[in-house]
Amino acid sequence: LLFNQGMYNSPFVLNSNGMVEFQDAWTMGFSVFGPLFYGFAYWLNQILPNDAILLFLSREGFLLKQVYDIVCQSQKEKRASKYFLTSRRAASVASIESWHDIKEILAKDYDGNVGQLLWNRLGVKTTQKYAEQDIRITDDDHTALDELMQLMMDDKNIDFAQFEDEKQSYLKYIEQTIPEGEWDKAVVVDVGYAGTIQYYLAKIMKQKISGAYLASFGKTKPDKIGCHMDVMYKETTEFNHVIFLTQLFLEAALQAPCGQLICMENASFTVTLPRYKKDGEVSYDIQNLQEGILSYCRRRSFLQEKYQIDKNYDFSIAEKIYQKYVD
C-alpha cells in the first residue's frame, strides 16, 4: 500500500537532494498515520473481551472510533463502541466530593494567575483578592498550593453544590450512553497517556472501569484505585519513546470538529447537553490528512476481508514507517 497508493506512488516523491518529500496531507495520512492507527484498532480487537463496550474518549476518539469501525467491520467479533464526550475538566470537576479532591486537581504543574487556575480547572469564579495573585505549583513543591487551599476554604465562592450539579448532569449523560448495569463492561479507549480521565470516571461512577491505550508515560492514575489498563506500547517498549517524542503530531492528526467539553448541562429533566469551548475548527490540511488515514484503513480492511492478510499481523512495519517519516 505504501508503494501502490501511498507516498511512493509518484515519480516525483524525491526532491532535488534525493530526500523523500510529501506532496500533500492526504498522502501523509495514508502512508504514515494510517498504518499506526490501523494497528491500534486491530490490537484492541485482539485483547479486549467480546462483550466489552468501547468508549472512545473525545476528542481524539472522534477519528479513532471511525478507524475502529472500518478496521473491525471484517472481524467476526466486533465489539460495541461509542464516541464518549469527556475531558479532564469535565470529568475531574464532576468527581469532586472533598477539599482533598480539589487539591488533587490543582496539584498539577501550573505557573500563572490564581483566578485563571480556579476557572480553568474548577469552573470557579471568585471575587476574592487572592485571585489576582500569581502562583507557581510543581510536582516537587506544593507550598504555594497549601497556602492557596487555606484561602479557598474561607472563600464563600467555593460552592460544592456546583460540583454536585455537574456530577449529576454527567451521570445522567453516562447512564444515557451506557446503562448502569453494563458499566462493568465499559473500556475507555484513548491515545494515553496517564489514564487521568479513566481515573476520574471511575470515581464518578463509584466502580472500577477498564482502559485501553496506545501508550502510557510516567505514573498512571487508574492504578491508584485498582482499575485495569491495557497499554499497547508500555514504557518498557522501544516504540513508547517514539510516541513520547511525537505526541504533538498525534494530537494534530486526531483533531475533532468540536471544542473541548467543559461540562454537561441539564436541558430538561431527562436531557443533558454538552457545553464546549470554542476551539473546534479543523484545518483543510488536517481534514485531508484524516481522510488519508481512513482511506488506508478502508483499503487494508478490504484486503483483509478478501485475502485474510492480517493472519500474521506484523506491528513492527507500521512502527518503522511512522518513526522514519515523522523523523
Practice problem: Have a look at 225, 243 and point out the one that is surrounded by 14 or more Cβ atoms within 10 Å (Cβ to Cβ) and of a type in the set (A, V, I, L, M, F, W, C). | Solution: 243
Quiz item: Looking at segment 230-270, which of its residues are of a type in the set (Ser, Thr, Tyr), closer than 20 Å to residue 189 by Cβ and over 16 Å from the mean Cα position of the chain (by Cα)?
Solution: 237
Quiz item: So how many residues does segment 246-285 have that are under 17 Å from residue 37 (Cβ atoms) and either open to solvent by 90 Å² or more (accessible area, probe 1.4 Å) or in a loop (DSSP other than H, G, I, E, B) (or both)?
Solution: 7
Exercise. Looking only at segment 297-310, decide whether some residue is under 13 Å from residue 28 (Cβ atoms) and surrounded by 11 or more Cβ atoms within 10 Å (Cβ to Cβ).
Key: no
Quiz prompt | Number of the exception - residue 136 against (1) farther than 18 Å from residue 88 by Cβ; (2) open to solvent by less than 80 Å² (accessible area, probe 1.4 Å); (3) in a strand (DSSP E or B) | solution = (2)
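Here is a yes/no grid of residues against (1) buried (at least 16 other Cβ atoms within 10 Å of the Cβ); (2) more than 22 Å from residue 306 (Cβ to Cβ); (3) in contact (Cβ under 8 Å) with a residue 24 or more places away in the chain:
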residue	(1), (2), (3)
4	no, no, no
9	no, no, no
24	no, yes, yes
31	yes, no, yes
37	yes, no, yes
94	yes, yes, yes
Exercise. Determine which single condition residue 322 fails, assuming it passes every other condition in (1) more than 29 Å from residue 186 (Cα to Cα); (2) modelled with pLDDT under 95; (3) surrounded by 15 or more Cβ atoms within 10 Å (Cβ to Cβ); (4) touching a Leu at 6+ places or on another chain (Cβ under 9 Å).
Key: (2)
Self-check item: In segment 99-133, residue farthest from residue 161 (Cα to Cα) [restricted to those that are surrounded by fewer than 14 Cβ atoms within 10 Å (Cβ to Cβ) and without any contact (Cβ under 8 Å) to a residue 12 or more places away in the chain]
Solution: 129
Exercise. Check 222, 274 and return the single one that is in contact with an Asp or Glu (Cβ under 9 Å, 6 or more places away or on another chain) and closer than 30 Å to residue 164 by Cα.
Key: 274
Practice problem: Could you please find all residues in segment 1-36 being in contact with a strand residue (DSSP E or B) (Cβ under 9 Å, 6 or more places away or on another chain) and assigned to a loop (DSSP other than H, G, I, E, B)? | Solution: 7, 8, 13, 21
Exercise. From 166, 175, 180, grab the single residue that is in contact with a strand residue (DSSP E or B) (Cβ under 7 Å, 6 or more places away or on another chain), open to solvent by 10 Å² or more (accessible area, probe 1.4 Å) and more than 23 Å from residue 43 (Cα to Cα).
Key: 166
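The values are calculated or read from the model by the stated rules, or taken from the named source; none is laboratory data. These numbers come from a predicted model, not from an experiment. Cβ: placed from backbone, ideal geometry, glycine included. Neighbour counts: every protein chain shown. These area figures cover heavy atoms from the full protein model, side chains too; ligands, DNA and RNA do not enter into them. Shrake-Rupley method; radii C 1.70, N 1.55, O 1.52, S 1.80 Å.
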